[in-house]
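Student: I'd like to ask some things about the structure below.
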Amino acid sequence: MKARAALFHGPGQPFEVREIDLQEPRPGEVVVRMAAIGICGTDLHSVKGEWSRPTPSVLGHEGAGVIEAVGEGVASLRAGDRVVLSWAPSCGECADCLRGRPAACVPLHRAMGNGTLVDGRTGMSAGGETVYRGTATGALIERQVVSERVALPITDDVPLEQAALLGCAALTGVGAVLFAARVPEGASVLVVGAGGVGQFAVQGARIAGASSIVCADPLEDRRARVLELGATEAVHPDELEIQGGADYAFDCVGDPETTRLALRWTRSAGTCVIVGLPAAGLRLDLDPAEFNRREKWLTGTMYGSEDPAVALPILLGHVREGRLDLASMVGPAFPLDRIDDAVQASLSGEPGRVLVNP
């Protein structure tokens, strides 16, 4: 099987759009014709050289499409079904998977570092050379072969361009608030970073019924966006000041500086959640007094701290009830041949989610 894909060869190099070879679906696998793929901060870590992964690779993991074919033994999906990709299918056997936390699956994270699927294969090649997969997925391609567990079915009432955002940014940002921190009604919330994940965290806080939602971001356009999505205040990080601190603070960037900012403005006995992923090798310098004298809680979350198969129907319910806005979150869309333009738009701080339509 063949498909056109955007090959990433390394930081500072242009993507190469070319036809590659895909292994035919094995038992338990499906073929997904991709309709829309979001450019995520995780992809940008590789583009900027902040993460080291095998190349050439097909980046991308946030996307939606339509099932083209199913392998032997696939019972939950059939050709024509519309699906959202989950980059955390899990091995289904380790301790984390058995307790319902597939995003923490050790074999999954090993696969992401190695540029493979969970079973150690890539199933992709070009000119006889192995092609690796970004985030155990590799979505920047016309069609791809993935495990049945990766393709989560959705109904026909959500356009695929909007549904693509559910695959990562929404599950991560909304999930951090609703499933990881479990923010109660009436709480005060701080969100540091107003990119895609931060914008969804703001929406999650609104859905939770937060009494105040302050968002800090250096980009004016993004600050304007979060005010439309439910933030009660949006400020530059240098101007951030919260009387008494916030009950819950979410660092949706993941840099040590943004984590320190979020923790600083977490009230005594409040909770600070690290949502964003840092560049490789960065370390966080902490003052123990934040935890013993002020009794703060610092924790992290991966992919919203819930099984995507459980979280996705909940988020879709919020969409149908008008509580979760996807339409205004969609930014400019580029064809696969303009993948470099799409990446640059995302790097420049485009307030909407940049999409690729293969």
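The values are calculated or read from the model by the stated rules, or taken from the named source; none is laboratory data. Predicted, not measured: the structure shown is a model, and the values here were computed from it. Neighbour counts run over all protein chains shown; Cβ positions are idealised from the backbone, glycine included.
Student: Residue by residue through segment 51-69, note down the ones that are surrounded by 20 or more Cβ atoms within 10 Å (Cβ to Cβ) and at pLDDT below 95.
Tutor: 51
Student: Touching an Asp or Glu at 6+ places or on another chain (Cβ under 9 Å), outside the structural domain of residue 281 (by TED's automatic domain parsing) and among the polar types (S, T, N, Q): does that describe residue 55?
Tutor: In short, no.
Student: In segment 298-312, what count of residues is obtained for those that are at pLDDT 95 or above and surrounded by fewer than 14 Cβ atoms within 10 Å (Cβ to Cβ)?
Tutor: Here the count works out to 1.
Student: Can you pull out the residues in segment 5-24 that are within 11 Å of residue 339 (Cβ to Cβ) and either in contact with a helix residue (DSSP H, G or I) (Cβ under 7 Å, 6 or more places away or on another chain) or among the hydroxyl-bearing types (Ser, Thr, Tyr) (or both)?
Tutor: 6, 8, 14, 15, 17 - these are the residues of segment 5-24 that are within 11 Å of residue 339 (Cβ to Cβ) and either in contact with a helix residue (DSSP H, G or I) (Cβ under 7 Å, 6 or more places away or on another chain) or among the hydroxyl-bearing types (Ser, Thr, Tyr) (or both).
Student: Sort out which residues of segment 247-256 are crowded, with 24+ Cβ neighbours inside 10 Å and either in the same structural domain as residue 49 (by TED's automatic domain parsing) or within 16 Å of the chain's Cα centre (by Cα) (or both), and write them in order of number.
Tutor: Result: 250, 251, 252, 253.
Student: For residues that are out of contact with any Asp or Glu (no Cβ under 7 Å at 6 or more places or on another chain) and not charged (D, E, K, R), scanning just segment 70-82, find the one that is surrounded by the most Cβ atoms within 10 Å (Cβ to Cβ).
Tutor: Once the filter is applied, the top-ranked residue is 70.
Student: Look through segment 303-342, keep the residues that are touching a strand residue (DSSP E or B) at 6+ places or on another chain (Cβ under 8 Å) and of a type in the set (Val, Ile, Thr), and return whichever of them is farthest from residue 85 (Cα to Cα).
Tutor: So, considering only residues that are touching a strand residue (DSSP E or B) at 6+ places or on another chain (Cβ under 8 Å) and of a type in the set (Val, Ile, Thr), the one farthest from residue 85 (Cα to Cα) is 339.
Student: Still on this structure, please answer the following. Quick check on this structure: which one of 232, 266, 259 is β-branched (Val, Ile, Thr), modelled with pLDDT of 95 or more and surrounded by fewer than 22 Cβ atoms within 10 Å (Cβ to Cβ)?
Tutor: When all the criteria are applied, what remains is 232.
Student: Let me ask something else. Among the numbered criteria (1) within 24 Å of residue 24 (Cβ to Cβ); (2) assigned to a helix (DSSP H, G or I); (3) without any contact (Cβ under 8 Å) to a residue 12 or more places away in the chain, which single criterion is violated by residue 109?
Tutor: It is condition (1) that residue 109 fails.
Student: Given (1) more than 16 Å from the chain's Cα centre (by Cα); (2) farther than 20 Å from residue 210 by Cβ; (3) surrounded by fewer than 17 Cβ atoms within 10 Å (Cβ to Cβ); (4) not polar (S, T, N, Q), where does residue 317 come up short, assuming only one miss?
Tutor: Against the list (1) more than 16 Å from the chain's Cα centre (by Cα); (2) farther than 20 Å from residue 210 by Cβ; (3) surrounded by fewer than 17 Cβ atoms within 10 Å (Cβ to Cβ); (4) not polar (S, T, N, Q), residue 317 comes up short only on (2).
Table: residues versus (1) surrounded by fewer than 24 Cβ atoms within 10 Å (Cβ to Cβ); (2) outside the structural domain of residue 44 (by TED's automatic domain parsing); (3) acidic (Asp, Glu); (4) more than 25 Å from residue 8 (Cβ to Cβ).
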residue: 84; (1), (2), (3), (4): no, no, no, no
residue: 93; (1), (2), (3), (4): yes, no, yes, yes
residue: 101; (1), (2), (3), (4): yes, no, no, yes
residue: 104; (1), (2), (3), (4): yes, no, no, yes
residue: 119; (1), (2), (3), (4): yes, no, yes, no
residue: 125; (1), (2), (3), (4): yes, no, no, no
residue: 129; (1), (2), (3), (4): yes, no, yes, no
residue: 148; (1), (2), (3), (4): yes, no, yes, yes
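Student: Return the pairs, sorted by first residue and then second, in which the second residue is in a strand (DSSP E or B), the first residue lies in segment 279-299 and is on the phi > 0 side of the Ramachandran plot, the beta carbons are less than 9 Å apart, and the residues are 6+ apart or on different chains.
Tutor: Note: pairs meeting the criteria are 295/268; 295/269; 295/270.
Student: Somewhere in segment 22-32, is a residue under 19 Å from residue 135 (Cα atoms) and within 21 Å of the chain's Cα centre (by Cα)?
Tutor: yes
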